[in-house]
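The values are calculated or read from the model by the stated rules, or taken from the named source; none is laboratory data. Being a predicted model, the structure only gives us computed values, none of them experimental. Only protein heavy atoms, including side chains, enter the accessible area calculation; ligands, DNA and RNA are left aside. Shrake-Rupley method; radii C 1.70, N 1.55, O 1.52, S 1.80 Å.
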Amino acid sequence: MSLQYFKELNEYLIKNKWNNSNVSLASINQLEIKINKEFPKAYKEFLELTGKHFYPIHNSNTGLGGTFDFLESANKNAKEQLKDYGLQNMIKRDFWTIAESDGSIYIHYIFFDEGDNPPVYGLDMEGYTDDSMNSQEFHKKIANSFTEYIQNSINGYNHKLDK
(Lines give C-alpha, C1' and ligand atoms only; values in the text may rest on other atoms or scores of the structure.)
Protein backbone atom coordinates (compact mmCIF):
# COMPACT_ATOMS: atom_id res chain seq x y z
CA MET A 1 0.00 0.00 0.00
CA SER A 2 1.31 3.41 -0.96
CA LEU A 3 0.75 5.86 1.88
CA GLN A 4 0.14 9.53 1.19
CA TYR A 5 -1.57 10.73 4.39
CA PHE A 6 -0.71 8.29 7.15
CA LYS A 7 2.97 7.39 7.03
CA GLU A 8 3.30 8.50 10.67
CA LEU A 9 0.21 6.53 11.65
CA ASN A 10 1.67 3.44 10.03
CA GLU A 11 4.91 3.91 12.02
CA TYR A 12 2.82 4.40 15.19
CA LEU A 13 0.96 1.15 14.54
CA ILE A 14 4.20 -0.74 13.97
CA LYS A 15 5.86 0.80 17.05
CA ASN A 16 2.92 -0.18 19.26
CA LYS A 17 2.59 -3.64 17.69
CA TRP A 18 -0.97 -3.22 16.46
CA ASN A 19 -1.31 -6.01 13.95
CA ASN A 20 -4.14 -7.28 11.82
CA SER A 21 -6.31 -4.18 12.01
CA ASN A 22 -6.20 -3.40 8.30
CA VAL A 23 -9.07 -3.84 5.86
CA SER A 24 -8.56 -4.80 2.24
CA LEU A 25 -8.99 -2.19 -0.45
CA ALA A 26 -11.44 -4.58 -2.13
CA SER A 27 -13.68 -4.52 0.97
CA ILE A 28 -13.55 -0.73 1.09
CA ASN A 29 -14.38 -0.52 -2.61
CA GLN A 30 -17.35 -2.88 -2.10
CA LEU A 31 -18.72 -0.60 0.62
CA GLU A 32 -18.28 2.44 -1.63
CA ILE A 33 -20.23 0.68 -4.37
CA LYS A 34 -22.94 -0.31 -1.90
CA ILE A 35 -23.42 3.26 -0.63
CA ASN A 36 -22.81 4.76 -4.08
CA LYS A 37 -20.19 7.19 -2.73
CA GLU A 38 -16.42 7.45 -2.87
CA PHE A 39 -14.60 8.01 0.41
CA PRO A 40 -12.02 10.79 0.67
CA LYS A 41 -8.51 9.46 0.05
CA ALA A 42 -7.26 10.11 3.60
CA TYR A 43 -10.22 8.25 5.12
CA LYS A 44 -9.81 5.34 2.72
CA GLU A 45 -6.11 5.11 3.60
CA PHE A 46 -7.01 5.16 7.31
CA LEU A 47 -9.48 2.29 6.81
CA GLU A 48 -6.87 0.27 4.95
CA LEU A 49 -4.49 0.65 7.90
CA THR A 50 -6.85 0.43 10.86
CA GLY A 51 -10.36 -0.41 9.68
CA LYS A 52 -10.92 -3.34 12.01
CA HIS A 53 -10.05 -1.39 15.13
CA PHE A 54 -8.30 1.78 16.18
CA TYR A 55 -8.08 2.21 19.95
CA PRO A 56 -7.39 5.98 20.07
CA ILE A 57 -10.80 6.66 18.56
CA HIS A 58 -12.55 3.77 20.25
CA ASN A 59 -11.49 4.88 23.71
CA SER A 60 -11.93 8.63 23.27
CA ASN A 61 -15.60 8.83 24.25
CA THR A 62 -16.66 7.48 20.87
CA GLY A 63 -17.62 3.88 20.42
CA LEU A 64 -17.06 3.08 16.77
CA GLY A 65 -13.32 3.48 16.51
CA GLY A 66 -13.34 2.91 12.79
CA THR A 67 -14.62 -0.65 13.14
CA PHE A 68 -15.25 -1.36 9.49
CA ASP A 69 -17.94 -3.99 10.02
CA PHE A 70 -20.15 -1.49 11.84
CA LEU A 71 -19.66 1.60 9.67
CA GLU A 72 -22.74 1.09 7.54
CA SER A 73 -25.06 0.45 10.50
CA ALA A 74 -23.54 3.36 12.47
CA ASN A 75 -24.33 5.68 9.59
CA LYS A 76 -27.88 4.38 9.36
CA ASN A 77 -28.29 4.82 13.14
CA ALA A 78 -26.92 8.38 13.00
CA LYS A 79 -29.46 9.35 10.36
CA GLU A 80 -32.25 7.76 12.40
CA GLN A 81 -31.13 9.68 15.49
CA LEU A 82 -31.13 12.93 13.52
CA LYS A 83 -34.79 12.26 12.70
CA ASP A 84 -35.61 11.29 16.29
CA TYR A 85 -34.17 14.60 17.53
CA GLY A 86 -35.88 16.57 14.75
CA LEU A 87 -32.51 17.49 13.24
CA GLN A 88 -32.83 15.66 9.91
CA ASN A 89 -32.54 18.95 7.98
CA MET A 90 -29.53 20.19 9.94
CA ILE A 91 -26.89 18.42 7.85
CA LYS A 92 -27.94 19.14 4.28
CA ARG A 93 -25.08 17.46 2.40
CA ASP A 94 -24.07 13.82 2.17
CA PHE A 95 -21.98 12.92 5.20
CA TRP A 96 -20.35 9.84 6.69
CA THR A 97 -20.18 9.05 10.40
CA ILE A 98 -16.62 8.08 11.33
CA ALA A 99 -17.21 7.65 15.08
CA GLU A 100 -20.16 7.77 17.44
CA SER A 101 -21.18 7.27 21.02
CA ASP A 102 -24.33 6.73 23.04
CA GLY A 103 -26.09 4.94 20.20
CA SER A 104 -25.27 7.64 17.65
CA ILE A 105 -26.45 10.55 19.80
CA TYR A 106 -22.97 12.06 19.49
CA ILE A 107 -21.29 11.70 16.10
CA HIS A 108 -18.06 12.67 14.41
CA TYR A 109 -18.53 12.94 10.67
CA ILE A 110 -17.04 14.06 7.37
CA PHE A 111 -18.58 15.30 4.16
CA PHE A 112 -17.95 13.47 0.91
CA ASP A 113 -17.45 16.72 -1.01
CA GLU A 114 -14.70 18.45 1.01
CA GLY A 115 -11.63 17.06 -0.67
CA ASP A 116 -9.19 14.23 -0.10
CA ASN A 117 -8.45 15.14 3.55
CA PRO A 118 -11.69 16.70 4.77
CA PRO A 119 -12.43 18.50 8.03
CA VAL A 120 -14.15 16.53 10.79
CA TYR A 121 -17.30 17.78 12.51
CA GLY A 122 -18.93 16.82 15.77
CA LEU A 123 -22.61 16.90 16.69
CA ASP A 124 -24.05 16.22 20.11
CA MET A 125 -27.74 15.86 19.21
CA GLU A 126 -28.99 15.80 22.77
CA GLY A 127 -26.96 18.82 23.82
CA TYR A 128 -27.96 20.69 20.68
CA THR A 129 -31.67 20.18 21.26
CA ASP A 130 -31.51 20.73 25.03
CA ASP A 131 -29.50 23.96 24.89
CA SER A 132 -30.33 25.95 21.78
CA MET A 133 -28.69 29.04 23.33
CA ASN A 134 -25.24 27.42 22.95
CA SER A 135 -25.92 25.35 19.83
CA GLN A 136 -22.47 26.12 18.36
CA GLU A 137 -20.92 24.35 21.33
CA PHE A 138 -22.74 21.15 20.36
CA HIS A 139 -22.27 21.26 16.57
CA LYS A 140 -18.90 22.37 15.27
CA LYS A 141 -15.79 21.58 13.31
CA ILE A 142 -13.52 19.56 15.59
CA ALA A 143 -10.52 19.19 13.24
CA ASN A 144 -9.38 21.03 10.13
CA SER A 145 -8.56 17.74 8.40
CA PHE A 146 -9.06 14.04 8.87
CA THR A 147 -5.34 13.56 9.44
CA GLU A 148 -5.42 16.22 12.19
CA TYR A 149 -8.38 14.41 13.78
CA ILE A 150 -6.46 11.13 13.87
CA GLN A 151 -3.31 12.81 15.19
CA ASN A 152 -5.32 14.51 17.95
CA SER A 153 -6.83 11.13 18.86
CA ILE A 154 -3.37 9.58 19.08
CA ASN A 155 -1.99 12.49 21.11
CA GLY A 156 -4.73 12.12 23.68
CA TYR A 157 -4.45 8.37 23.99
CA ASN A 158 -2.38 6.20 26.32
CA HIS A 159 -1.66 3.04 24.31
CA LYS A 160 -0.30 1.27 27.39
CA LEU A 161 -3.89 0.77 28.55
CA ASP A 162 -4.32 -1.89 25.86
CA LYS A 163 -1.41 -4.08 26.85
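Quick check: with the 1.4 Å probe, what order do THR147, THR50 take by accessible area, largest first?
Descending accessible area places them as THR147, THR50.
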Original post:
How large is ³J(HN,Hα), in whole Hz, for each residue of segment 112-127 in order, when computed from phi with the Karplus curve 6.51 cos²θ - 1.76 cosθ + 1.60 and θ = phi - 60°, using x for Gly and Pro?
Top reply: 6, 10, 10, x, 6, 9, x, x, 10, 10, x, 9, 9, 4, 5, x
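Taking only protein heavy atoms and a 1.4 Å probe, what accessible area per residue, in Å², does segment 68-129 have with all protein chains in place? Please report the intermediate quantities before stating the final value.
Values: 2900 Å² over 62 residues.
Per residue, segment 68-129 has 47 Å² of solvent-accessible surface.
Subtracting the Cα-Cα distance from 0.36 nm times the residue separation, let me have the gained length for ILE142 to TYR85 in nm, one decimal. Present the calculation step by step, with values, prior to reporting the outcome.
Numbers: separation 57, 0.36 × 57 = 20.52 nm, distance 2.13 nm.
Full-extension gain reported as 18.4 nm.
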